[in-house]
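Colleague: The following block contains the structure, expressed as structure tokens.
The values are calculated or read from the model by the stated rules, or taken from the named source; none is laboratory data. The structure displayed is predicted, hence computed values, not measured ones. Here Cβ is always computed from backbone atoms with ideal geometry, including for glycine, and neighbour counts include all displayed protein chains.
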Amino acid sequence: WKVQQLPSGQVAILCQDGTIQIYDRTGSMRTLTLSGLATTLTGRRKPMIFSMAIISESRIISATSVNGAHDDAGTNSIEAWDLNDGSSIAMPGGHPQVGQLLAGLPDHRHFVSGSHDGSLKVWELSDDGR
């Protein structure tokens with residue numbers, strides 16, 4: 001489990017079932033559920049989101065593994081989410097092994113991901129969130 005507050009006051013919770021739940025400011029009403037895009041791409045086992053970071057008021061990023069394990073046996077991806085409509089896009093060229101570290105940078109356009117293999121990548125989101 002991981003909990004982070006969005007700049008809007010909403011709360012993002014990374015749940016044990018591998019989804020991200022977004023709740024209103026009071027925490028009493030779920031407004032959005034995010035689950036990994038990788039399932040639709042691979043047709044394989046349900047993906048597990050295991051890391052998240054807030055980029056801005058309307059953007060969140062997540063790291064997903066289809067096999068649910070922290071190794072290179074499955075399909076690993078980084079996704080950016082638009083919290084206005086719940087749309088997701090897999091970022092090209094993830095890590096060969098599952099990434100554990102995700103951190104948004106102060107400009108709200110870039111973030112960093114880190115992997116078990118020791119690599120770090122800096123990513124950029126365009127103004128339209130893609």
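Colleague: Among what's in segment 40-65 and is more than 14 Å from the chain's Cα centre (by Cα) and farther than 24 Å from ARG109 by Cα, pick the residue that is modelled with the highest pLDDT.
Modeller: The selected residue is LYS46.
Colleague: Search segment 80-103 for residues being surrounded by 20 or more Cβ atoms within 10 Å (Cβ to Cβ) and modelled with pLDDT of 80 or more, and hand back the single one that is farthest from the chain's Cα centre (by Cα).
Modeller: Residue satisfying both the conditions and the ranking: LEU83.
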